[in-house]
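The values are calculated or read from the model by the stated rules, or taken from the named source; none is laboratory data. In this text the structure is predicted, and so the values were computed from the model without any measurement. We place every Cβ from the backbone using ideal geometry, glycine too, and count neighbours over all the protein chains shown.
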Amino acid sequence: MDESIKVFYKKIKELMIIHLPKAELKDVYKRIDKVSLRILIDKDLFVDIYSNTQTSRIDFTLVNHETRIFGYDNAGGWLYHPLKDPDSHIRCDKITLEEMFQEVSNIVKEMDDI
């Protein structure tokens, strides 16, 4: 596995412990230069994360009942998929993994309060 994928994977695990401590990390697949992970928050709520070091692609998607409800990706520049309209593609500045996890953590807390 590529060193940058190892670093990415380690960072995901660290951030998950901080922001989603009750969640469970599952490897969907790992290759030399790419990784796909799923963070299970509960039965129908999870985060899918994809990284490809060759293309610098990152996808970060919060899914509820098999539907994207929030996310970020950098397919053709950084795009934001807001909670209120997750099918929209809003251009945004590059966002860090820390910021992505913080937003997901806030959304999950709001969902728990409903």
Problem set entry | Hits in region 1-26 (condition: touching a Lys or Arg at 6+ places or on another chain (Cβ under 8 Å) and either part of a strand (DSSP E or B) or loosely packed, with under 15 Cβ neighbours inside 10 Å (or both)) | Met1, Leu25, Lys26
Exercise. Quick one: in region 89-114, which of the residues that are part of a loop (DSSP other than H, G, I, E, B) and touching a strand residue (DSSP E or B) at 6+ places or on another chain (Cβ under 7 Å) is farthest from Glu14 (Cα to Cα)?
Worked result: His89
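Give Met111, Met100 a once-over and let me know the one that is modelled with pLDDT of 95 or more and either of a type in the set (A, V, I, L, M) or closer than 14 Å to Ile39 by Cβ (or both). Let's see the steps before the verdict.
Values: Met111 fails: modelled with pLDDT of 95 or more.
None of the other options fit; the residue is Met100.
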Exercise. Of everything in region 49-88 that's hydroxyl-bearing (Ser, Thr, Tyr) and not in a loop (DSSP other than H, G, I, E, B), which residue is nearest to the chain's Cα centre (by Cα)?
Worked result: Thr61
Seminar exercise, completed: All conditions in (1) in contact with a Ser or Thr (Cβ under 6 Å, 6 or more places away or on another chain); (2) crowded, with 18+ Cβ neighbours inside 10 Å; (3) at pLDDT 95 or above are true of Val35 except (3)
